[in-house]
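Below: one structure, written as structure tokens.
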């Protein structure tokens, strides 16, 4: 009978602590300010995660600065609030974005660098074409160029469009959390292709037949 109604020990300890030390003040609300549209637009950019290579976009839309999860609200200290996250942006002397950092409240704070959108030439696209293999993953796939676009192809029937992001980077498919990028030698030839996701940061692939 007692066991069936017993409370979690951790919760009980918290209640005792709160009873002795409390009441605690309510959390201070973020000090939100208003910025002019032209000032908000300065923070709109395409960003590359320094660790995962994944893209992130900040856009100015309907009077607000937004990212993929919602509105970024400017605060008096120069940062932006996005839900429980705090965004810090660095602008250059010319007023253009350079870098960004997201304070998650934990140990790891993602850092980003601003990137120029990439529109690959036919020759640049062709340099990605071919079959790529990973001994570690025991997997292969092919990049096919068709109609001026690049596709990720894998047997038996997978074929997904590769979306150019910034130099030498593609995302795979629509709304994908996969990114592809390459390593080049000093002469500009691709020597290794990398596949990453937010959790798997880098799975390298070599040109098929290369040892």
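Restricting attention to the stretch 130-144 and to residues that are under 26 Å from the mean Cα position of the chain (by Cα) and surrounded by 15 or more Cβ atoms within 10 Å (Cβ to Cβ), the residue that is farthest from residue 203 (Cα to Cα) turns out to be 144.
Any residue that is loosely packed, with under 12 Cβ neighbours inside 10 Å and either in contact with a helix residue (DSSP H, G or I) (Cβ under 9 Å, 6 or more places away or on another chain) or in contact (Cβ under 8 Å) with a residue 12 or more places away in the chain (or both) - is there at least one of those in the stretch 164-172? No: the stretch 164-172 contains no residue that is loosely packed, with under 12 Cβ neighbours inside 10 Å and either in contact with a helix residue (DSSP H, G or I) (Cβ under 9 Å, 6 or more places away or on another chain) or in contact (Cβ under 8 Å) with a residue 12 or more places away in the chain (or both). Meeting the requirement of 3 or more residues that are over 21 Å from residue 138 (Cα atoms), the strands (runs of 3 or more DSSP E) wholly within the stretch 161-211 are 169-172.
Go through the residues of the stretch 33-46 one by one and say whether even a single one is at pLDDT below 95, assigned to a loop (DSSP other than H, G, I, E, B), surrounded by fewer than 19 Cβ atoms within 10 Å (Cβ to Cβ) and within 17 Å of the chain's Cα centre (by Cα). There is no residue in the stretch 33-46 that is at pLDDT below 95, assigned to a loop (DSSP other than H, G, I, E, B), surrounded by fewer than 19 Cβ atoms within 10 Å (Cβ to Cβ) and within 17 Å of the chain's Cα centre (by Cα).
The single condition among (1) under 27 Å from residue 195 (Cα atoms); (2) in contact with a helix residue (DSSP H, G or I) (Cβ under 9 Å, 6 or more places away or on another chain) that residue 63 does not meet is (1). Quick one: residue 123 ticks every box in (1) more than 19 Å from residue 50 (Cβ to Cβ); (2) free of Cβ contacts under 8 Å to residues at least 60 places away in the same chain; (3) outside any helix (DSSP H, G or I) except a single one, so which number is it? Checking residue 123 against (1) more than 19 Å from residue 50 (Cβ to Cβ); (2) free of Cβ contacts under 8 Å to residues at least 60 places away in the same chain; (3) outside any helix (DSSP H, G or I), the one that fails is (3). Got a number for residues in the stretch 96-108 being surrounded by 10 or more Cβ atoms within 10 Å (Cβ to Cβ) and either closer than 13 Å to residue 44 by Cα or over 15 Å from the mean Cα position of the chain (by Cα) (or both)? Here the count works out to 5.
The values are calculated or read from the model by the stated rules, or taken from the named source; none is laboratory data. These numbers come from a predicted model, not from an experiment. Heads up, the Cβs are rebuilt from the backbone with ideal geometry, glycines too, and the neighbour counts pull from every protein chain shown.
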